[in-house]
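Scroll down for the structure; my scribbles are underneath it.
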Amino acid sequence: MAADDQAGGRERYHHGNLREALIQAALAMIAERGIAGFAIAELARVVGVSPAAPYRHFRDRNAVIAEVARRGFESLAADLAAATAGAQADPLGALERAAQAHIAFAGREPAVYAAMFDAGFPSGEHQELVVARNAAFAVLRRVADAACAMSRAPRRPPPLMVALHVWSLTHGIATLFVSHEGSNRLPIPMSPEALLEAGLLIYLQSLDLPAGASRPE
């Protein structure tokens with residue numbers, strides 16, 4: 001069993017910070033087995049502490065997943081914000097770049113992404129996770145507001161609808177390509193970037209939002 005001591009009033013362990021070690025162990029298990037592939041006791045064994053030690057930092061297994069997901073949404077929000085810098089000058093381009101950044105994040109962090117979007121996870125029980133998720137979506141919503149203002153259609157599409165459609169399209173494509181090893185993933189004969197580009201082109205043009213154009217005529 002790992003020994004602990006007190007350093008500066010903070011609990012430390014021989015391997016470093018236990019909270020972080022548990023999160024990293026959870027990520028490794030999610031990547032290998034999927035979101036349902038670990039238990040608190042197994043995390044403790046992998047990290048090298050007593051079965052009770054993780055409960056000093058996490059109430060239960062869901063709390064570990066919630067922390068992984070919260071961090072993921074904060075990172076995604078930062079990526080989306082960087083991708084949409086200058087959105088007022090080029091909102092349509094920014095909308096496309098946001099979707100591309102979302103795809104890139106999912107490919108770069110597949111285990112985190114699995115935790116972020118697990119359909120069966122009770123996210124409503126974890127308020128910090130909800131706040132982080134909403135903040136990430138809000139970046140896309142702001143860009144959709146600017147993009148919809150460019151619409152030449154007689155009735156402008158609702159920005160919330162556009163943001164939700166782009167978010168859904170991007171997430172759907174990401175889940176086709178990102179999964180843990182051994183899953184029953186559908187083989188796709190093209191890259192996620194190519195699939196996303198085509199989907200956005202069709203969708204934005206259907207709303208009279210010409211993809212790739214920076215300003216209305």
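Below, the figures for the structure above:
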{"read-out": "Residue within region 41-59 that is within 23 Å of residue 135 (Cα to Cα) and without any contact (Cβ under 8 Å) to a residue 24 or more places away in the chain present", "value": "no"}
{"read-out": "Extreme residue, surrounded by the most Cβ atoms within 10 Å (Cβ to Cβ), among residues of region 94-138 that are of a type in the set (D, E, K, R) and within 16 Å of residue 164 (Cα to Cα)", "value": "96"}
{"read-out": "Residue among 36, 41, 78 that alone is assigned by TED's automatic domain parsing to the domain that holds residue 102, surrounded by fewer than 17 Cβ atoms within 10 Å (Cβ to Cβ) and either part of a helix (DSSP H, G or I) or at pLDDT below 90 (or both)", "value": "78"}
{"read-out": "Search result, residues across region 128-159 that are farther than 16 Å from residue 81 by Cβ and in contact with a Ser or Thr (Cβ under 8 Å, 6 or more places away or on another chain)", "value": "129, 130, 157"}
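So that you can scan it fast, the table gives a plain yes or no per residue for (1) assigned to a helix (DSSP H, G or I); (2) within 30 Å of residue 38 (Cα to Cα); (3) assigned by TED's automatic domain parsing to the domain that holds residue 30; (4) under 14 Å from the mean Cα position of the chain (by Cα):
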| residue | (1), (2), (3), (4) |
| --- | --- |
| 88 | no, no, no, no |
| 94 | yes, no, no, no |
| 104 | yes, yes, no, yes |
| 119 | no, yes, no, yes |
| 150 | no, no, no, no |
| 170 | yes, yes, no, yes |
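The values are calculated or read from the model by the stated rules, or taken from the named source; none is laboratory data. No experiment lies behind these values; they were computed from the predicted model shown. With ideal geometry, Cβ positions are generated from the backbone for all residues, glycine too; neighbour counts draw on all protein chains shown.
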